[in-house]
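Data block below; observations after.
The values are calculated or read from the model by the stated rules, or taken from the named source; none is laboratory data. Everything numeric in this text was worked out from a predicted model, so none of it was measured. As a convention, Cβ positions derive from the backbone with ideal geometry for all residues, glycine included, and neighbour counts pool all protein chains shown.
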Amino acid sequence: MPLEPPWYSIDSEVERSGANSNERTAGSAIIIDNGSSELRAGFASIDEPQPTLSPKCYFPNVVSRYRDRKKNSNFILAGRDAFCDNQSRSAIKSPFDGDVVCNFDVIENVLDYTFIKLGITSEGSVSHPILMSETLCNPAYSRSMLNELFFEGYNVPSVNYGLDALYSAYYNDVSDGLIVSSGNASTYVLPMLASRGVLSNAKRLTWGGSLATEYLLKLCQMKYPNFPLRVSSNQAALMLERHSYVAEDFDAEVRACATPEGLAERDVVVQFPNATNADGSSNVIHLDGTTSRIVGSVLDADDAEAKAAEQAEKRRQQGLRLQEQTQRMRAEKMQQKENDLEYWMALREFKNKERKAEYLKRLESEGFDTEQELETTIKRTQAALKRSRARGGGAVVEEEEQAPPSFPLIDVPDHSLDEEGVKEKRRQKLMKAGYDARMRMKAEKAEEARLIAEEQQRDEDERLNRPEEWRKRMRGQYEKAIEKILERRRLKKMLSDRKSLAAQQRMKSITTLASDSPPGKKRRRGGDDDTFGADDEDWAVYKEIKGAEDSEEEEEEQQHFEMLESRLLEHDPNFTTDDTWKAQIARKTQLSATFLRGRHLQEWDSEDPLYQHQLHLNVERFRVPEVLFQPHMAGIDQAGLDELCAHILKNYDGITRRTLAKNVFLTGQHTQYRNLDSRLRASLQMTQPIDVQVRVIRAQSMRFDAWRGMAKWVSSCADDFRTSSITRAEYDEKGSEYFKDHGLSAAMMP
């Protein structure tokens with residue numbers, strides 16, 4: 001079953017109110033709190049004050065059309081039922097556009113469902129007065145269409161409208177105060193004096209619970225672009241409700257999150273459902289509001305420790321296998337290069353033994369266009385072999401030959417030999433050239449080994465005799481090695497962009513080398529223009545010339561860097577693991593890693609589905625609610641909540657101002673953030689004179705106080721309710737746009 005929307009959750013207050021649920025009586029009025037996210041409806045007895053009630057029904061204010069393919073029937077689903085199936089969820093419609101009723105076909109379906117839930121089964125009419133809430137300054141057209149629906153469609157005796165925030169204040173015995181109401185679509189502030197809303201001084205902020213939910217969802221999508229599941233708006237709303245809070249000092253909270261420790265303290269892990277384990281056990285933790293702050297909540301301590309040890313051993317074995325494979329491949333490469341070098345040096349020996357035309361023909365048959373190309377290949381191979389021997393990786397030990405081979409026919413003239421003898425002489429010449437090349441290579445190897453041994457001995461002597469100088473020199477080499485690796489990475493990144501200066505210079509060098517002769521100082525017009533690079537395919541030459549040489553040099557630099565690091569760790573007491581480059585990078589990236597993975601960085605395993613299905617909320621917890629005070633953070637060019645309140649209070653002086661300031665009343669489900677009252681009090685107090693004290697109070701129940709206030713007003717102020725209601729006779733006489741004002745209404749009379 002899919003997760004229910006957050007408004008489906010029934011709090012303990014509603015569960016306790018079952019005994020006090022109102023029942024239908026002959027003289028009762030129907031109270032409808034028509035919220036854009038949830039509709040609450042019930043009965044209230046006129047002239048008979050009742051104890052605290054809760055609405056008889058409450059459900060999401062949505063409608064969906066569903067088609068049963070088996071029965072070939074169409075159904076209209078309302079409220080919770082609209083979320084029962086994927087097909088119905090995809091066709092959900094709301095009667096609201098923002099916080100104004102615009103879809104009157106949908107609101108008619110919602111009202112049908114409401115009256116059915118209230119137990120009204122009469123045909124063609126609803127014989128109860130109606131009291132319905134509406135938004136601040138609701139357009140006259142929307143109200144007139146509702147009047148037409150009530151009187152023409154349901155034949156009700158009378159209709160009355162009012163503002164939900166004023167009813168909530170009335171229920172909480174606030175007759176004079178500054179009301180701050182934030183709902184699903186918008187937030188508004190209005191003063192209330194003598195139990196009457198002063199709508200002419202009201203202010204509105206286009207930010208509500210739905211926009212906050214969408215903002216949080218976008219932040220999570222940017223933070224985890226590769227998250228394996230689709231996070232729905234309902235799940236984002238639940239995360240916002242359960243884990244968000246208002247920072248009492250936003251700047252201080254941001255500064256605290258500038259450190260990994262402060263970020264980890266504010267981190268909350270939201271675990272989404274993941275796949276079942278191979279042994280049949282499941283790691284699913286549903287997003288039901290009971291999310292734990294610890295990552296390993298589905299494993300006990302012994303299992304977690306055993307799993308961590310198993311993973312560490314697995315990684316160690318994988319590292320050993322990779323090392324063995326790398327050494328084997330390096331040895332094979334080196335052996336191949338030595339064989340190639342031996343063959344190419346033997347090929348070069350024919351230069352002094354053949355005519356130039358024959359020699360060039362021989363080179364062409366071996367794949368070389370010029371002598372220079374052969375020399376370049378030999379030098380490059382010798383340099384690569386020298387580097388490989390210097391790092392001591394994959395060196396091939398040749399067997400000592402027992403005796404030098406003899407070549408008796410080399411000095412014999414050709415005219416003294418028969419045809420077979422001439423062929424044998426040529427073979428011996430080739431063998432002699434190969435033997436000489438091997439001897440030279442052997443001598444070079446011995447010389448290189450001697451030089452390396454001498455260098456190592458000098459380094460060891462310096463370490464023992466002059467340790468401070470040795471440490472200083474090794475530290476310098478270590479820093480230079482880091483700079484070289486970073487420079488190579490930077491250049492590699494630049495070369496990947498063909499429009500960069502480095503890429504253009506390299507292409508120019510390539511074209512120069514590819515040409516038969518170097519370009520002159522002056523370029524001629526016309527046919528001598530170089531068009532190389534005009535075609536995008538020309539740039540593929542990068543990939544062709546970027547062979548194994550670059551990767552070998554990079555590997556050599558990495559091995560040299562690791563050697564320096566290991567020697568410093570072994571012989572320099574002041575050089576610890578915290579001084580290594582890896583530790584430096586970890587310190588630089590720890591903040592971003594904590595931002596993404598929380599405090600459990602050591603335990604986090606990218607291959608574990610349990611960790612893949614986790615969202616970490618830290619900065620987002622107070623960033624989203626902060627939009628109420630700084631709307632520009634969400635791209636809204638309006639004043640914040642504290643500025644709106646201060647602007648309204650400036651319109652009043654003396655006793656009235658002090659009365660409003662000491663009764664700032666918070667209502668609406670979007671005001672349930674923790675610390676919102678204290679933050680608003682502190683921010684508003686800074687804008688007031690010293691003799692004006694600010695006090696912020698909350699509604700008893702953000703969810704039901706508006707409906708309870710409507711029921712209380714109907715029961716306690718029955719005369720006001722009757723006189724301010726629009727009757728059927730008045731509707732027939734004065735039209736659908738006729739409206740009566742009262743102290744708790746949502747519209748201003750001209």
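Number of residues in the stretch 224-253 that are surrounded by fewer than 19 Cβ atoms within 10 Å (Cβ to Cβ), without any contact (Cβ under 8 Å) to a residue 24 or more places away in the chain, part of a helix (DSSP H, G or I) and not charged (D, E, K, R): the value is 2. Counting the residues of the stretch 418-441 that are touching a residue at least 40 places away in the same chain (Cβ under 8 Å) and of a type in the set (A, V, I, L, M) gives 4.
Scanning the stretch 697-721 for residues that are over 42 Å from the mean Cα position of the chain (by Cα) and in contact (Cβ under 8 Å) with a residue 60 or more places away in the chain returns Gly709, Met710, Ala711, Lys712, Trp713, Val714, Ser715, Ser716, Ala718, Phe721.
Does Ile31 qualify as being under 39 Å from the mean Cα position of the chain (by Cα), on the phi < 0 side of the Ramachandran plot and at pLDDT 90 or above? Criteria not met by Ile31.
When the test is whether a residue is within 21 Å of the chain's Cα centre (by Cα), among the aliphatic types (A, V, I, L, M) and outside any loop (DSSP other than H, G, I, E, B), Leu216 passes it.
Scanning the stretch 130-158 for residues that are under 19 Å from Arg40 (Cβ atoms) and in a strand (DSSP E or B) gives Ile130, Leu131, Met132, Ser133, Glu134.
If you check Ser195, Ser175, Ser127, Ser158 for being surrounded by 19 or more Cβ atoms within 10 Å (Cβ to Cβ) and among the polar types (S, T, N, Q), only one passes: Ser158.
Selection of the stretch 64-118 for residues being within 30 Å of Leu163 (Cβ to Cβ) and of a type in the set (Gly, Ala, Ser) yields Ser64, Ala78, Gly79, Ala82, Ser94, Gly98. Only a single criterion out of (1) under 24 Å from Val627 (Cα atoms); (2) at pLDDT below 95 is not satisfied by Phe250, namely (2). Tell me yes or no: at least one residue of the stretch 93-113 is among the acidic types (Asp, Glu) and in contact with a Phe, Trp or Tyr (Cβ under 8 Å, 6 or more places away or on another chain). Checking the stretch 93-113: not a single residue is among the acidic types (Asp, Glu) and in contact with a Phe, Trp or Tyr (Cβ under 8 Å, 6 or more places away or on another chain). Answer yes or no as to whether Leu615 is in a strand (DSSP E or B) and either in contact with a strand residue (DSSP E or B) (Cβ under 6 Å, 6 or more places away or on another chain) or under 20 Å from Ala212 (Cβ atoms) (or both). Considered against the rule, which asks whether it is in a strand (DSSP E or B) and either in contact with a strand residue (DSSP E or B) (Cβ under 6 Å, 6 or more places away or on another chain) or under 20 Å from Ala212 (Cβ atoms) (or both), Leu615 comes out as yes.
Take Cys645 and tell me if it is in the same structural domain as Gly27 (by TED's automatic domain parsing) and out of contact with any Ser or Thr (no Cβ under 6 Å at 6 or more places or on another chain).
The answer is no for Cys645.
Inside the stretch 149-202, residues that are more than 19 Å from Cys137 (Cα to Cα) and either charged (D, E, K, R) or free of Cβ contacts under 8 Å to residues at least 12 places away in the same chain (or both) make up a count of 3. The set of residues in the stretch 661-675 that are out of contact with any Phe, Trp or Tyr (no Cβ under 7 Å at 6 or more places or on another chain) and among the basic types (Lys, Arg) contains only Lys662. Residues that are basic (Lys, Arg) and in contact with a strand residue (DSSP E or B) (Cβ under 7 Å, 6 or more places away or on another chain) were ranked within the stretch 201-252; the one that is farthest from Ser94 (Cα to Cα) is Lys203. Only residues that are under 19 Å from Ile107 (Cβ atoms) and either exposed (fewer than 14 other Cβ atoms within 10 Å of the Cβ) or outside the structural domain of Glu38 (by TED's automatic domain parsing) (or both) were counted in the stretch 71-92, giving 1.
Yes or no, residue by residue, for (1) of a type in the set (Phe, Trp, Tyr); (2) at pLDDT 70 or above; (3) part of a helix (DSSP H, G or I):
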{"residue": "Arg293", "(1), (2), (3)": "no, no, no"}
{"residue": "Ala308", "(1), (2), (3)": "no, no, yes"}
{"residue": "Arg315", "(1), (2), (3)": "no, yes, yes"}
{"residue": "Gln327", "(1), (2), (3)": "no, yes, yes"}
{"residue": "Gln336", "(1), (2), (3)": "no, yes, yes"}
{"residue": "Phe350", "(1), (2), (3)": "yes, yes, yes"}
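Looking at the stretch 159-200, which of the residues that are in a helix (DSSP H, G or I) and among the polar types (S, T, N, Q) is farthest from the chain's Cα centre (by Cα)? Once the filter is applied, the top-ranked residue is Ser200.
Name the single residue, out of those in the stretch 705-739 being part of a helix (DSSP H, G or I) and aromatic (Phe, Trp, Tyr), that is surrounded by the most Cβ atoms within 10 Å (Cβ to Cβ). Per the stated criteria, the residue is Trp707. Of the set (1) not in a loop (DSSP other than H, G, I, E, B); (2) not assigned by TED's automatic domain parsing to the domain that holds Val126, all apply to His742 but (1).
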